[in-house]
1. How many of the residues making up the stretch B:443-458 are within 19 Å of B:Asn383 (Cβ to Cβ) and more than 13 Å from every other protein chain (Cβ to nearest Cβ)?
2. Could you tell me which of the residues A:Met117, A:Met89 is within 14 Å of chain B (Cβ to nearest Cβ) and of a type outside the set (Phe, Trp, Tyr)?
3. Where residues in the stretch A:139-153 are more than 10 Å from every other protein chain (Cβ to nearest Cβ) and crowded, with 19+ Cβ neighbours inside 10 Å, which of them is farthest from B:Val448 (Cα to Cα)?
4. When the stretch A:104-114 is examined, which residues are found to be of a type in the set (A, V, I, L, M) and either touching a His at 6+ places or on another chain (Cβ under 7 Å) or away from chain B (no Cβ under 14 Å) (or both)?
5. For A:Leu101, are the conditions met, namely being within 13 Å of another protein chain (Cβ to nearest Cβ), in a helix (DSSP H, G or I) and not β-branched (Val, Ile, Thr)?
6. Let me spell it out: the conditions are (1) within 14 Å of chain A (Cβ to nearest Cβ); (2) surrounded by 15 or more Cβ atoms within 10 Å (Cβ to Cβ), and B:Met139 meets all of them except one. Which number is the exception?
7. Output the residues belonging to the stretch A:96-148 that are touching a residue at least 40 places away in the same chain (Cβ under 8 Å) and more than 24 Å from the chain's Cα centre (by Cα).
8. How many residues does the stretch A:46-61 contain that are of a type outside the set (Phe, Trp, Tyr) and either within 11 Å of chain B (Cβ to nearest Cβ) or crowded, with 20+ Cβ neighbours inside 10 Å (or both)?
Amino acid sequence: MIALAVVLGIVLLVIFWIIGIYNGLVQLRENVKNGWSQIDVQLKRRHDLIPNLVETAKGYMEHEKETLENVIKARQQAVDASNIKDKQMAENFLSGTLKSLFAVSENYPNLKADQQMMKLHEELTTTENKIGFSRQYYNDEVNRLNVAVQSFPDNIVAGMFNFAKADFFEIEEPSEKEVPTVKF
Amino acid sequence: MPYSFTQIEKEKSNTIYIVLCLLVVVYFVFSLLAYLLVKNFLNFYVMTEFLRNSQRPLAFEFINFIEFMCILMFATIIGCFHWLSSVDNLVPRLKQMLFAKDLDPKDSYHQKFQNILDEVSVAIGGKKIEGLVIPTMAMNAFALQDFEGRAAIGVTEGLLARLSRAQIEAVVGHEAAHIVMEDCLSTTVISSIMQIFGDPAKDVNALTDGLSYRSGGFRVRGRGGGYVILFWYLFCFLRWIMRSISNLLRLFISRQREYRADAVAVRLTRDPVSLAEALHKISSRWRGANLNAQNFEAIFIVNPLYRSIDESTSIASDLLATHPPVNARLSVLLDMAHMDMDTLVQSLKKSPDKARRIVQDVSLVSSSKWLIFNQNVWHGPYNVDQVVSLDWIRPDTLIKKLGDEKLSQAFKVPEVRHIFNKENTSSGNGLSCPICAVMLNKTDYEGVEIFKCNVCKGVLLGTDEVEKILIREDFGFSERIHNIADKIKKENNEGWVEKKEDKQLNRENGLQCPKCKHQKERMRRTFYRGFRVELDQCKWCGLLWFDKDELEILQCVFEKGSFV
């Protein structure tokens with residue numbers, strides 16, 4: 001009689017423990033999804049700001065047509081990208097073209113002083129920072145999910161209910177990782 | 001470290017509920033003592049006065065169970081009432097007490113601060129944070145949080161003007177760390193409770209001081225003397241209790257919070273150097289915060305009241321100080337960055353002192369001239385400012401640069417295009433120059449919106465905007481302005497002001513204010529804040545009119561004299 005009660009008690013305890021871990025894993029997985037959608041929001045904002053930027057720059061930088069066209073092409077690629085890998089590559093490429101645009105605009109002091117341009121520059125800077133922070137948040141949440149899914153004894157529960165590891169948002173292009181050389 | 005916002009939500013801190021219990025206990029003890037005092041006094045008085053013949057012994061009576069329960073209930077009710085009135089509507093109330101204001105969307109520095117707040121809120125997972133600004137030249141930052149879920153981070157104008165973007169971001173990250181770790185909530189609540197104890201303590205102080213003066217060394221006669229002495233002792237007791245409560249509450253604010261917040265801030269921004277630079281700048285100059293209340297120190301990043309207890313490391317200071325020593329914080333941060341203190345100080349010294357810079361005089365540089373075609377005639381040549389102030393120019397008006405043969409429509413020329421922006425149309429604001437009668441052009445100077453006349457270069461703005469411009473140091477000044485500023489400072493040292501000759505313009509009657517156009521009172525010449533630069537101010541709406549260069553001169557004089 002007593003043995004039955006004890007066994008029942010243990011079974012109940014195990015069930016509650018599994019429920020607790022399951023809920024924790026669900027929370028982590030949803031955090032990861034939330035983090036990913038945050039990145040999407042910031043990327044879309046950058047896509048929306050770029051046409052305005054190019055229009056403002058066009059008036060001053062008539063001879064830099066190639067740089068401006070590169071930016072527009074890269075933006076279109078980024079908007080069209082569908083799966084995650086393509087998205088990552090396209091966004092990194094877009095960041096590169098924007099960097100060269102701002103580097104070239106250093107030669108045009110009138111452009112730099114233009115009120116509209118200064119506003120856009122501030123907007124783009126803050127959007128780039130937000131993209132960086134949302135990637136950071138996403139990666140940190142992915143880290144916590146991966147650690148939880150692989151640690152013992154949580155991995156037993158994860159295996160039972162098919163919680164998978166998530167991928168980090170990484171730099172795909174090897175050229176991005178190279179330290180830029182400065183030549184005078 | 002669990003710094004994620006969603007994780008911390010679950011681990012709510014219990015400190016605040018301990019504070020509530022403490023409050024009830026304190027009220028209970030106080031009521032008990034007061035009750036005992038009154039009861040035994042009455043016994044004594046009644047016995048001696050009216051029952052002289054009675055043989056009843058005079059004993060000190062304690063309380064029975066019913067009285068105990070009554071006092072407990074009374075204390076609980078008062079304690080809960082005090083608690084509820086402290087925590088109700090916390091953020092708006094404290095915002096008022098700190099003299100903090102909302103952000104101005106037309107000010108580019110405030111916009112930058114709002115952007116930084118949005119960035120940090122993305123970094124902590126999306127929690128919305130409001131922004132506040134204290135209009136003072138000092139440098140400090142604070143965070144507020146309340147039970148309704150509102151969170152706010154505030155900075156001073158001086159901090160926005162003097163720190164770089166990365167440094168402001170590090171400071172905001174630190175304050176956001178307090179919000180995420182929820183110790184901001186307990187600190188805010190405790191500060192609010194202390195505020196209620198703090199002010200009555202001041203009043204009680206005043207009362208007891210007054211009493212002791214009046215009774216002149218307690219030489220009093222007869223029965224009356226006894227009462228005065230008794231009340232005096234009662235008030236002193238009250239004062240002692242209130243002070244002790246305030247100090248006791250300070251125990252709940254640990255200085256370790258600041259170390260943790262620094263660490264979480266670095267984890268959020270990945271930039272320990274900027275936070276170290278910001279802390280060094282804040283703590284070495286002007287760390288005040290325009291406050292006279294002692295009870296809000298804990299919410300600030302660096303203690304606005306310089307207290308020596310903060311800089312020591314004994315057990316007593318560990319209990320009672322609200323902030324750790326600044327050097328200890330800096331050494332922790334510099335360790336993370338593998339840097340030492342000397343390198344930090346050197347790098348801060350290297351940043352150029354903008355006000356001392358001498359730049360080229362823009363007004364002397366010839367800018368390009370333009371010709372404008374209207375009604376079959378070419379008008380001009382005008383420079384850009386004059387083109388912008390022409391009323392009759394339309395987007396399709398033909399315009400060409402002097403010396404160039406290329407014709408373009410006005411809206412295609414980038415230097416002029418901005419005037420067709422709806423916000424920038426001069427006719428929109430209805431303000432005209434008091435000297436030249438052309439429309440004033442709304443433009444941006446050091447992040448602040450000002451109204452400028454393109455013909456005589458005069459400027460119209462309010463005193464709030466002037467304060468902001470004085471604090472901010474975006475531009476250097478030309479040599480001509482520096483010379484005038486030096487002359488003014490020299491004259492200042494030499495003695496009283498003699499009336500300056502009025503300029504060629506007829507100013508004897510004063511200028512008419514562009515905004516209120518008050519018929520009776522014209523704008524009168526005045527000195528601004530004691531600086532010897534004569535300006536015109538409208539007595540009715542407070543707007544100031546600066547003639548050409550006067551704003552730059554005022555800035556230069558101010559910045560030469562400041563200790564920055």
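1. Final tally of qualifying residues: 7.
2. Testing whether each residue is within 14 Å of chain B (Cβ to nearest Cβ) and of a type outside the set (Phe, Trp, Tyr) leaves just A:Met117.
3. Selected residue: A:Val149.
4. A:Val104
5. No.
6. B:Met139 satisfies every listed condition except (1).
7. Within the stretch A:96-148, A:Val104, A:Ser105, A:Tyr108, A:Asn110, A:Leu111, A:Asp114, A:Gln116, A:Met117 qualify.
8. Total satisfying the criteria: 9.
The values are calculated or read from the model by the stated rules, or taken from the named source; none is laboratory data. This structure is a prediction, so every number in the text was calculated from the model and none was measured. Cβ atoms come from the backbone with ideal geometry, glycine included; neighbour counts cover every protein chain shown.
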